[in-house]
Amino acid sequence: GYAHFFGPVAAVGGLVVNRNDELLMVRRAQDPGKGKWGLPGGFVDPGETIEQALHREVLEETHLKITASRYLISYPNRYDYQGVVAPVMDLFFVCEVDADEQVQLDEQELDHFDWVCPSPSRLEQMAFPSNRRAIEYWMRTKR
């Protein structure tokens, strides 16, 4: 009568927005998705809250400290790393950061960033469909 459920692991994505209502997009330096665009974020560590993971991942990848955030939406994702596919639940947040801080990428994970109003051609170059869907949702619903 025992059932073991293999649920998705949790991951976070930050839609970091500046004063000009531009979105911070980062280009991945590693697989999966090497050379494609995404959002700062990553997996939630054991014992960590979703919010702690969001702050940690954005800080680790960009050296930006989140000053405010609000939950936006979640989407399922599949993370394919060297042929091993894990189900993931990506939770997305709209984030504000200190306007005086400068982006400094973690060069192990990311090789470029842009502040943009995402174009359709940029969205076609996303590493993960869940990131694209979150950005499209944000663009449709922002004030």
For the chain, modelled as a GNM with alpha-carbon contacts under 10 angstrom, which of Arg28, Arg132, Arg78 fluctuates the most? Arg78
Per residue, how much accessible area does region 43-143 have with a 1.4 Å probe, in Å²? 62
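What FRET efficiency comes out for Tyr81 versus Met139 if R0 is 30 angstrom and r is the Cβ-Cβ distance? Round to the nearest 0.05.
The value I calculate is 0.55.
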In whole percent, the fraction of accessible protein surface over region 7-143 that belongs to carbon or sulfur atoms, probe radius 1.4 Å, stands at 47
Highest GNM mean-square fluctuation, the chain, Cα pairs closer than 10 Å: which of Gly38, Gly13, Gly83? Gly83
For Met89, what accessible surface area do you get with a 1.4 Å probe? Give it in Å², rounded to 10. 60
If I stretch the segment between Glu22 and Val116 completely, what's the gain in nm (0.36 nm per residue apart, minus their alpha carbon distance), one decimal? 33.3 nm
Phe5, Phe128, ranked by accessible area, largest first (probe 1.4 Å): Phe5, Phe128
Work out the length of the dipole vector of the chain about its Cα centre, built from +1 on the beta-carbon of each Lys and Arg and -1 on the beta-carbon of each Asp and Glu, and round it to the nearest 20 debye. 680
How much accessible area does Ser130 have with a 1.4 Å probe, in Å² rounded to the nearest 10? 0
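The values are calculated or read from the model by the stated rules, or taken from the named source; none is laboratory data. It should be emphasised that the depicted structure is a prediction, and the values quoted were computed from it without experimental measurement. All Cβ positions, glycine included, derive from the backbone under ideal geometry; neighbour counts span all protein chains shown. Accessible surface areas use protein heavy atoms only, side chains included; no ligands, DNA or RNA. Shrake-Rupley method; radii C 1.70, N 1.55, O 1.52, S 1.80 Å.
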